[in-house]
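**Student:** So that we are looking at the same thing, I have put the structure below in structure tokens.
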Amino acid sequence: MENLNWSELGFGYIKTDYNVRCYYRDGKWGELEVSSSEIINIHMAATCLHYGQESFEGLKAFRGKDGKIRVFRMDENAKRMQSSSRGIKMAELPVEMFEEAVRKVVKLNERFVPPYESGAALYIRPLMIGLGAQVGVKPAPEYMFMIFVTPVGPYFKGGFQPSKVCVLREYDRAAPNGTGTIKVGGNYAASLVAGEIAHSKGYAAVLYLDPKEKKYLDECGPANFFGIRGNSYITPQSHSILPSITNKSLQQLAEDMGLTVERRPVPFEEIATFDEAAECGTAAVIAPISQIDDLDENKSFVIAKDGKPGPVCEKLYHKLRASSMATSRILTDGSRSLNNIFCFVRTGVRSVFTRQNTLIGNC
Ligand code: PLP
Ligand code: COI
């Protein structure tokens with residue numbers, strides 16, 4: 001295994017050995033290619049450079065106590081990437097090709113998968129871009145799909161320590177019926193100004209309100225939002241947020257813990273009633289929120305009065321990590337395993353999911 005200071009890793013880029021690439025030409029996807037170059041050579045008139053034909057994904061591989069490497073719910077990322085392709089008129093990559101590419105790139109970079117319980121993971125970054133020389137505004141004739149991997153630690157500096165977020169009504173990351181529900185680069189470019197303002201004022205992220213009425217909670221920087229009140233797990237339903245795979249898992253785990261899950265429009269004022277709140281996502285995992293500052297109205301909502309993560313967030317965090325590493329309950333998919341090192345994890349402590357993420361049994 002690579003000799004890195006795993007527990008000190010931040011969320012940055014570290015060179016690994018290989019990436020994988022695949023081209024869509026003449027209406028079909030070609031063979032998966034392996035490259036050791038970090039460079040891509042593309043035409044200056046490619047649509048990804050001018051018209052934003054670009055989508056990406058983010059998922060993680062973990063090493064379990066048994067030494068096996070597990071990838072968390074990659075079929076969900078594959079399907080979300082297809083939805084991104086439909087949203088910006090790119091070619092759709094079949095789920096099986098996405099999964100094969102993930103298996104291959106992780107296997108090739110196995111020495112960068114952090115040790116069990118090091119607090120780090122191998123971050124897997126698939127992306128797709130429109131290629132081919134073109135100046136008219138129309139979909140590209142060719143596409144490239146690629147995946148690189150890099151070992152990472154926590155996305156937010158404090159990791160699981162609560163941090164402050166702010167509301168800035170002047171900025172939206174996506175339009176009401178725009179591209180918020182898909183994972184395209186433009187959404188992230190649109191979030192940079194507000195994000196930098198928030199960071200410069202000492203906030204971890206912007207808590208966006210719905211772009212149409214500014215009445216409801218949307219999501220939080222590069223992560224979904226959830227609040228805990230009493231026995232309820234409350235998370236926004238909106239036409240402008242990314243459907244988070246982590247949030248979906250947390251909703252299942254919350255139900256398993258006996259909580260009631262409410263996925264609905266959440267009026268902004270409701271934050272005053274939350275016992276706990278957090279951001280959640282692949283990179284963020286669960287990042288508890290200590291305080292929400294409304295910078296327009298000059299109001300502060302303190303969520304974590306003692307500055308510590310709340311008990312429900314803490315329990316969810318441990319259950320999520322356990323299900324990602326699956327120390328005890330795993331669902332293996334032998335037919336798709338590569339040299340028996342891959343298991344596809346769909347499990348909470350009690351819940352076992354099929355590849356389609358439907359509950360098939362409790363253990
Ligand atoms: N929301 C946004 C805007 C994101 O970029 C991400 C990260 O992928 C999420 C939410 C969390 O989604 P997931 O849990 O699938 O990583
Ligand atoms: C992830 O959580 O994987 C993301 O894609 C967030 C990213 C923008 C850092």
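**Student:** Can you pull out every residue in the stretch 267-294 that is closer than 21 Å to residue 168 by Cα, of a type in the set (D, E, K, R) and in contact with a Lys or Arg (Cβ under 7 Å, 6 or more places away or on another chain)?
**Tutor:** 293 - this is the single residue of the stretch 267-294 that is closer than 21 Å to residue 168 by Cα, of a type in the set (D, E, K, R) and in contact with a Lys or Arg (Cβ under 7 Å, 6 or more places away or on another chain).
**Student:** Listed residues 225, 268, 274; which is within 16 Å of ligand 2 (Cβ to nearest atom) and touching a residue at least 24 places away in the same chain (Cβ under 8 Å)? Spell out how you get there, then give the answer.
**Tutor:** Values: 268 fails: within 16 Å of ligand 2 (Cβ to nearest atom); 274 fails: within 16 Å of ligand 2 (Cβ to nearest atom).
Answer to the selection: 225.
**Student:** I'd like the full set of residues that are part of a loop (DSSP other than H, G, I, E, B), more than 20 Å from residue 87 (Cα to Cα) and either within 16 Å of ligand 1 (Cβ to nearest atom) or polar (S, T, N, Q) (or both), limited to the stretch 211-248.
**Tutor:** Correct list: 221, 231.
**Student:** Right, next: Pairs under 7 Å by beta carbon, first residue on the phi > 0 side of the Ramachandran plot in the stretch 314-335, partner at pLDDT 90 or above, six or more apart or different chains?
**Tutor:** 326/64; 326/70
**Student:** For the structure I just gave you, tell me whether residue 34 is on the phi < 0 side of the Ramachandran plot, among the β-branched types (Val, Ile, Thr), buried (at least 21 other Cβ atoms within 10 Å of the Cβ) and in contact with a strand residue (DSSP E or B) (Cβ under 9 Å, 6 or more places away or on another chain).
**Tutor:** no
**Student:** Restricting attention to the stretch 45-58, which residues are small (Gly, Ala, Ser), surrounded by fewer than 18 Cβ atoms within 10 Å (Cβ to Cβ) and under 24 Å from the mean Cα position of the chain (by Cα)?
**Tutor:** Step one: list which residues in the stretch 45-58 are small (Gly, Ala, Ser), which gives 45-46, 52, 55, 58.
The next check asks that each one be surrounded by fewer than 18 Cβ atoms within 10 Å (Cβ to Cβ); those that pass are 45, 52.
Answer for the stretch 45-58, where residues must be small (Gly, Ala, Ser), surrounded by fewer than 18 Cβ atoms within 10 Å (Cβ to Cβ) and under 24 Å from the mean Cα position of the chain (by Cα): just 52.
**Student:** Only one of 56, 62, 72 is touching a helix residue (DSSP H, G or I) at 6+ places or on another chain (Cβ under 8 Å) and farther than 19 Å from residue 153 by Cβ. Can you tell me which?
**Tutor:** Details: 62 fails: farther than 19 Å from residue 153 by Cβ; 72 fails: farther than 19 Å from residue 153 by Cβ.
The conditions single out 56.
**Student:** Among the residues of the stretch 94-112, are any in a loop (DSSP other than H, G, I, E, B) and of a type in the set (A, V, I, L, M, F, W, C)? It would help to see each step written out before you state the result.
**Tutor:** Residues of the stretch 94-112 that are in a loop (DSSP other than H, G, I, E, B), as a first pass: 94, 109.
Next cut, of a type in the set (A, V, I, L, M, F, W, C) only: none.
No, there is no match, as no residue in the stretch 94-112 is in a loop (DSSP other than H, G, I, E, B) and of a type in the set (A, V, I, L, M, F, W, C).
Rundown of residues vs (1) part of a loop (DSSP other than H, G, I, E, B); (2) modelled with pLDDT under 95, yes/no style:
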| site | (1), (2) |
| --- | --- |
| 15 | yes, no |
| 21 | no, no |
| 34 | no, no |
| 38 | yes, no |
| 41 | yes, no |
| 48 | no, no |
| 61 | no, no |
| 66 | yes, yes |
| 80 | no, no |
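**Student:** Of the conditions (1) free of Cβ contacts under 8 Å to residues at least 60 places away in the same chain; (2) surrounded by 13 or more Cβ atoms within 10 Å (Cβ to Cβ), residue 61 satisfies every one except a single condition; which number is it?
**Tutor:** Against the list (1) free of Cβ contacts under 8 Å to residues at least 60 places away in the same chain; (2) surrounded by 13 or more Cβ atoms within 10 Å (Cβ to Cβ), residue 61 comes up short only on (1).
**Student:** crowded, with 21+ Cβ neighbours inside 10 Å, farther than 30 Å from residue 24 by Cβ and at pLDDT 95 or above - does that describe any residue in the stretch 174-188?
**Tutor:** No, because not a single residue in the stretch 174-188 is crowded, with 21+ Cβ neighbours inside 10 Å, farther than 30 Å from residue 24 by Cβ and at pLDDT 95 or above.
**Student:** Mind checking which pairs have a first residue in the stretch 34-51 that is among the aliphatic types (A, V, I, L, M) and a second that is surrounded by fewer than 13 Cβ atoms within 10 Å (Cβ to Cβ) and in a loop (DSSP other than H, G, I, E, B), Cβ under 7 Å, 6 or more apart or different chains?
**Tutor:** Cβ pairs passing all conditions: 45/135.
**Student:** One residue is enough: does the stretch 303-315 have a residue meeting the conditions within 16 Å of ligand 1 (Cβ to nearest atom), more than 18 Å from residue 76 (Cβ to Cβ), part of a helix (DSSP H, G or I) and at pLDDT 50 or above?
**Tutor:** At the first step, the residues of the stretch 303-315 found to be within 16 Å of ligand 1 (Cβ to nearest atom) are 313.
So of that shortlist, the ones also more than 18 Å from residue 76 (Cβ to Cβ) come out as 313.
Filter once more, so that each one left must be part of a helix (DSSP H, G or I): 313.
Keeping just the survivors that are at pLDDT 50 or above gives 313.
Among the residues of the stretch 303-315, at least one is within 16 Å of ligand 1 (Cβ to nearest atom), more than 18 Å from residue 76 (Cβ to Cβ), part of a helix (DSSP H, G or I) and at pLDDT 50 or above, which makes the answer yes.
**Student:** Say whether the condition of being within 15 Å of the chain's Cα centre (by Cα), within 16 Å of ligand 2 (Cβ to nearest atom), under 21 Å from residue 25 (Cα atoms) and crowded, with 23+ Cβ neighbours inside 10 Å is met by at least one residue in the stretch 109-125.
**Tutor:** no
Residues are listed down the side, and each one gets a yes or a no for (1) without any contact (Cβ under 8 Å) to a residue 12 or more places away in the chain; (2) buried (at least 20 other Cβ atoms within 10 Å of the Cβ); (3) in contact with a helix residue (DSSP H, G or I) (Cβ under 6 Å, 6 or more places away or on another chain); (4) in a loop (DSSP other than H, G, I, E, B):
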position: 140; (1), (2), (3), (4): no, yes, yes, yes
position: 143; (1), (2), (3), (4): no, yes, no, no
position: 156; (1), (2), (3), (4): no, yes, no, yes
position: 166; (1), (2), (3), (4): no, yes, yes, no
position: 169; (1), (2), (3), (4): no, no, no, yes
position: 199; (1), (2), (3), (4): yes, no, no, no
position: 207; (1), (2), (3), (4): no, yes, no, no
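**Student:** Exactly one of these conditions fails for residue 55: (1) in contact with a Phe, Trp or Tyr (Cβ under 9 Å, 6 or more places away or on another chain); (2) within 16 Å of ligand 2 (Cβ to nearest atom); (3) part of a strand (DSSP E or B). Give me its number.
**Tutor:** (1)
**Student:** How many of the residues making up the stretch 126-151 are in contact with a Pro (Cβ under 9 Å, 6 or more places away or on another chain) and within 16 Å of ligand 2 (Cβ to nearest atom)?
**Tutor:** Looking only at that region, the number is 4.
**Student:** Sticking with this structure for a sec: Taking the stretch 239-262 as the region of interest, how many residues are without any contact (Cβ under 8 Å) to a residue 60 or more places away in the chain and within 17 Å of the chain's Cα centre (by Cα)?
**Tutor:** Residues meeting the conditions: 3.
The values are calculated or read from the model by the stated rules, or taken from the named source; none is laboratory data. What you see is a predicted model, and the numbers here were worked out from it, not measured in a lab. Cβ sites come from the backbone with ideal geometry, for glycine too, and all protein chains shown count toward neighbours.
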